[in-house]
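Undergrad: Dumping the structure here so I can ask a few things about it.
The values are calculated or read from the model by the stated rules, or taken from the named source; none is laboratory data. Bear in mind that the values here come from a model prediction, so they are computed numbers and not experimental data. Positions of Cβ are generated from backbone atoms using ideal geometry, with glycine treated the same way; all protein chains shown enter the neighbour counts. Ligands, DNA and RNA are stripped out before the accessible areas are found, and what is left, the full protein with its side chains, is counted by its heavy atoms. Shrake-Rupley method; radii C 1.70, N 1.55, O 1.52, S 1.80 Å.
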Amino acid sequence: MTEKIDDDIIITDGTIQDVNEDNIFDTLAPINNKQKDSNNALAINDDYFQQAMKFQQIMMIYESAIKQIETKLDILNKESKVGRKRNPIETIKSRIKTPESIANKLKLKNLPVSFDSMTENLNDIAGIRVICPYISDIYNVRDMLLKQPDIKLILEHDYISNPKESGYRSLHIVVEIPVYLSKTVHLVKVEIQLRTIAMDFWASLEHELHYKNTTKVPESVRRELYRVAETIAMTDREMEEIALELQALD
């Protein structure tokens, strides 16, 4: 099953506001039609539309890269179901970073806020999250995907073998995939996060706790979150052991 991650979906079919040279992503802000008459709208220069169209094309290319990888994962999942009688993928979620999120990340890295800067320096404009039943499924899906000749591994962080201090666990890979248009080919980077159902449960709730709490999280709460993460990790391992025992009986 494929779905969009709600908190970071970009909508590119809205009306566009004036371009600010200091921040090209202002092109995606909506026009207030009640305050601007038709004469002002007609006065917007050609550069404004060119920048807006360029941004929409870039986002279309990132969306196309996501679709290609989602299709590959779906095919691998169906193949495994037929051959092994079990799906190694439970769900697939995807998202495109919003213009605001892109601009904020570039500023945080002290990088120019521009089209070239975002495509060259950001690896996670396009993101896919793959939820698997068991830990072994994560590595199997990773290996199957990276065997494909048009997928190139750019970067990998294994937070399962080496969890973050918070207790966060997941396998992060950044891959590059070609997107073929009518006259051009674009090599696009996509970040893929692979987690078990249990890891995703913890990460989602931990993110919500931090997102809704504007104050600094107390150390006691951090310790408790880490303890829960360790308990969930142990449950992951035990559930996989049970699954292997049952498979051996078939």
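Undergrad: Only sites in a loop by DSSP and with at most 10 other Cβ atoms within 10 Å count here; which GluC sites (Glu not before Pro) in the range 81-168 make the cut?
TA: Details: sites: 90, 100, 120, 156, 165; in loops: 90, 165.
For GluC sites (Glu not before Pro) across the range 81-168 that sit outside H, G, I, E and B with at most 10 neighbouring Cβ atoms in 10 Å, the list reads 165.
Undergrad: Give the value in nm², to one decimal: projected area of the alpha carbon convex hull of the range 87-146, averaged over all directions. Display every interim value, and only then the final one.
TA: Numbers: hull surface 20.5 nm².
Directional mean of the projected Cα hull area for the range 87-146 stands at 5.1 nm².
Undergrad: Ignoring everything but the protein chains, give the 1.4 Å probe accessible area of residue 164 in square angstrom, nearest 10.
TA: 90 Å²
Undergrad: Run the 1.4 Å probe and let me know the accessible area of residue 207, rounded to the nearest 10 Å².
TA: About 100 Å², ignoring ligands and nucleic acids.
Undergrad: Can you give me the three principal axis dimensions of the range 113-194 from its C-alpha atoms, in Å, biggest first?
TA: 43, 31, 17
Undergrad: What is the ratio of the Cα radius of gyration of the range 162-250 to 2.2 N^0.38 Å, where N is its residue count, to two decimals?
TA: Against the compact-globule rule of thumb, the ratio is 1.55.
Undergrad: Let me ask something else. Just for the Cα atoms in the range 39-119, what are the lengths along the principal axes, largest first, rounded to whole Å?
TA: That works out to 62, 32, 18 Å along the principal axes.
Undergrad: Could you give me the ³J(HN,Hα) list for the range 192-198, computed from phi with Karplus coefficients 6.51, -1.76, 1.60 and θ = phi - 60°, whole Hz, x at Gly and Pro?
TA: 10, 9, 10, 9, 7, 4, 5
Undergrad: Using amide H atoms built 1.01 Å from N in the peptide plane, name the residues 5+ places from residue 160, or on other chains, whose amide H lies under 5 Å from its own.
TA: 170
Undergrad: Over the range 154-250, what is the relative contact order in whole percent, taking alpha-carbon pairs under 8 Å and six or more residues apart? Could you put the intermediate results ahead of the total?
TA: Details: 95 pairs, mean separation 22.5, N = 97.
It comes to 23 percent, rounded to a whole number.
Undergrad: Same structure again: From the phi of every residue in the range 177-186, what ³J(HN,Hα) in whole Hz does the Karplus formula 6.51 cos²θ - 1.76 cosθ + 1.60 yield, where θ is phi - 60° and glycine or proline is x?
TA: Along the range 177-186, the couplings run 9, x, 10, 9, 9, 5, 10, 9, 10, 10 Hz.
Undergrad: Given the pairs 72/109; 93/189; 97/183, which are separated by over 22 angstrom at their Cα positions? Don't skip to the answer; put the middle values down first.
TA: Values: 72/109 32 Å; 93/189 17 Å; 97/183 26 Å.
From the list (72/109; 93/189; 97/183), the Cα-Cα distance tops 22 Å for 72/109; 97/183.
Undergrad: Using every alpha carbon pair in the range 84-225, what percent of pairs falls into each 10 Å bin from 0 up to the bin containing the largest distance?
TA: All Cα pairs considered, the percentages come to 10, 32, 35, 18, 4, 0.
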